[in-house]
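Structure, as structure tokens:
The values are calculated or read from the model by the stated rules, or taken from the named source; none is laboratory data. Being a predicted model, the structure only gives us computed values, none of them experimental. Glycine also receives a Cβ, built like all others from the backbone with ideal geometry; neighbour counts cover every protein chain displayed. For the accessible areas, the whole protein counts, side chains as well, though only heavy atoms, and no ligand, DNA or RNA atoms are used. Shrake-Rupley method; radii C 1.70, N 1.55, O 1.52, S 1.80 Å.
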Amino acid sequence: MLREEDWLELEALLAGTEAYSANQSIETDAPAFFLTSGWACLARRLGDGRRQLLSFILPGDGVGFDLLTRAQPSVEVLALTPLKVRQAKPALPPLSERLGRVFAGAAAAQQGRLLDQVVRLGRQTAYERMAHLLLELHGRLMEVGEARPDGFHMPVKQEVLADALGLSLVHVNRTLQHLRRDGLIEVRGAQVTLLDRSALEAAANQRP
């Protein structure tokens, strides 16, 4: 957990606030940044326009500070909703040992989520994929105070979930309905409620 002096050190590394509109790509040569509000993603587009979401970027996440999120020609950073970001200064000074560990931990967590995404797409059923992703989003949002204990606000359409999970839009809709019928979740507009967390974890085939 960051202490007050860590926050002061981090604040000294940051420049001004930038805003992006929904569906706007953030240029690959843009400075590294922390997302302060909104949802974004790392995505890879195919030549025919199809898109695969590699990772969601949520409030509190940093982009451009590690190899996985650093600018790459084949991967775009896309705003899924209106965003506000705090950009890093062009030349970052050496970090303190504690803050360095925080950055290293964030990079390791991002790598872990990418591995989860590989397993989701490669081995899990649509039902397992959806359950696993909803649990991941809820857990990440809880860490930064952006979720309720039993649910969260999900401001993206089902098309985005389809691109994240490698499913058709129809399959996403059917899978959400299946989870509802089984009493695991409730979805009202953009509000997702986890009705039975232990059953959802079992459906996601999560390791203990």
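The residues on offer are E143, E136, and the sole one that is more than 20 Å from R51 (Cα to Cα) and surrounded by 14 or more Cβ atoms within 10 Å (Cβ to Cβ) is E136. Only one of the numbered conditions (1) without any contact (Cβ under 8 Å) to a residue 60 or more places away in the chain; (2) open to solvent by 70 Å² or more (accessible area, probe 1.4 Å); (3) more than 18 Å from the chain's Cα centre (by Cα) is not met by A126, and that is (2).
If the condition is being under 19 Å from L58 (Cβ atoms) and basic (K, R), then the stretch 146-189 contributes R148, K157.
Could you look through the stretch 69-95, keep only residues that are among the small types (G, A, S) and in a loop (DSSP other than H, G, I, E, B), and pick out the one that is surrounded by the most Cβ atoms within 10 Å (Cβ to Cβ)? Ranking the candidates gives A71 first.
Is it true that A12 is open to solvent by 40 Å² or more (accessible area, probe 1.4 Å) and assigned to a helix (DSSP H, G or I)? So A12 fits the description; yes.
D48 meets the conditions (1) at pLDDT 90 or above; (2) outside any loop (DSSP other than H, G, I, E, B) in every case but one. The failed one is (2). Out of the residues in the stretch 42-68 that are over 22 Å from L141 (Cβ atoms) and either crowded, with 16+ Cβ neighbours inside 10 Å or of a type outside the set (D, E, K, R) (or both), state the one that is farthest from the chain's Cα centre (by Cα). Across the stretch 42-68, the extreme among qualifying residues is G47.
Among the residues of the stretch 98-116, none qualifies, meaning not one is surrounded by 20 or more Cβ atoms within 10 Å (Cβ to Cβ), modelled with pLDDT of 95 or more and within 28 Å of Q24 (Cβ to Cβ).
Does T17 meet the test of being open to solvent by 70 Å² or more (accessible area, probe 1.4 Å) and assigned to a strand (DSSP E or B)? Against the criterion (open to solvent by 70 Å² or more (accessible area, probe 1.4 Å) and assigned to a strand (DSSP E or B)), T17 qualifies.
If the condition is being more than 21 Å from the chain's Cα centre (by Cα), exposed (fewer than 13 other Cβ atoms within 10 Å of the Cβ) and assigned to a loop (DSSP other than H, G, I, E, B), then the stretch 163-204 contributes only G183.
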